[in-house]
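Notes follow the structure.
The values are calculated or read from the model by the stated rules, or taken from the named source; none is laboratory data. Not measured: the values here are computed from a predicted model. Note that each Cβ is placed from the backbone with ideal geometry, even for glycine, and that neighbours are counted across all protein chains shown.
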Amino acid sequence: DTGVSQNPRHKITKRGQNVTFRCDPISEHNRLYWYRQTLGQGPEFLTYFQNEAQLEKSRLLSDRFSAERPKGSFSTLEIQRTEQGDSAMYLCASSLVASGGYEQYFGPGTRLTVT
Amino acid sequence: GIQVEQSPPDLILQEGANSTLRCNFSDSVNNLQWFHQNPWGQLINLFYIPSGTKQNGRLSATTVATERYSLLYISSSQTTDSGVYFCAALEMSGANNLFFGTGTRLTVIP
């Protein structure tokens, strides 16, 4: 069990560019979550997948954001036409939802800076 | 979604002191987790505690689900305990994501 991994760890981009982040969950975890955290705040939910199906999206996830989880393994989060307000830490988490199990494990995050 | 409130927002302790962090939540929960966020932003799982009491070394946690609060106890604090502590709850009905509080920033001074 190597934990949740995320790449890249840091990304600096210019406003208007597209960026893509990757998350590899703990193997055999069937749920994968994306959260966003801005300075001084707790993480806020963006979206989650159960296996390959995207089951829920937050209102924070504008149409410039898209997430995928092909084959129910790793996931990607793409932001198109980045804006300065997208600067944040993007966190991925995974969990194995079985009877009574809801604990989520987080990756190290990708820190995005939009200049 | 569920509302999660943490107190105090900031706490400064002398090394060796004990502390109690509180988390109140507004609805019944399937999951209550405590995390420590390190200076690099990683959320470290401390406890998964939707109810009852657990202990892990110098840390312990208690969740009283019927009264909708959880407490995190840190005993004999060390400088490495510094950082932000988050409580997060997953409500029993409705959303499937964790709702986080705004955290308690702990500073332990030598």
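General observations
- Single residue of region B:29-78 satisfying the filter (out of contact with any strand residue (DSSP E or B) (no Cβ under 7 Å at 6 or more places or on another chain), modelled with pLDDT of 95 or more and in a loop (DSSP other than H, G, I, E, B)) that is surrounded by the fewest Cβ atoms within 10 Å (Cβ to Cβ): B:Gly57
- Set A:Gln41, A:Gln50, A:Gln37, A:Gln54: member being over 30 Å from B:Gly83 (Cβ atoms) and either within 11 Å of chain B (Cβ to nearest Cβ) or β-branched (Val, Ile, Thr) (or both): A:Gln50
- Taking every residue in region B:42-54 that is free of Cβ contacts under 8 Å to residues at least 12 places away in the same chain and pairing it with any residue that is polar (S, T, N, Q), at least 6 positions away or on another chain, the pairs with Cβ-Cβ distances below 7 Å are B:Ile44/B:Asn38; B:Gly52/B:Thr63; B:Thr53/B:Ser60; B:Thr53/B:Thr62; B:Lys54/B:Ser60.
- Scope region A:1-44; condition assigned to a strand (DSSP E or B), under 11 Å from the mean Cα position of the chain (by Cα) and surrounded by 17 or more Cβ atoms within 10 Å (Cβ to Cβ); matching residues: A:Gln6, A:Phe21, A:Cys23, A:Asp24, A:Leu32, A:Tyr33, A:Trp34, A:Tyr35, A:Arg36, A:Gln37, A:Glu44
- Only a single criterion out of (1) surrounded by 13 or more Cβ atoms within 10 Å (Cβ to Cβ); (2) outside any strand (DSSP E or B); (3) at pLDDT 95 or above; (4) of a type outside the set (D, E, K, R) is not satisfied by A:Leu77, namely (2).
- Residues of region A:40-61 satisfying the condition of being aliphatic (A, V, I, L, M) and without any contact (Cβ under 8 Å) to a residue 24 or more places away in the chain: A:Ala53, A:Leu55, A:Leu61
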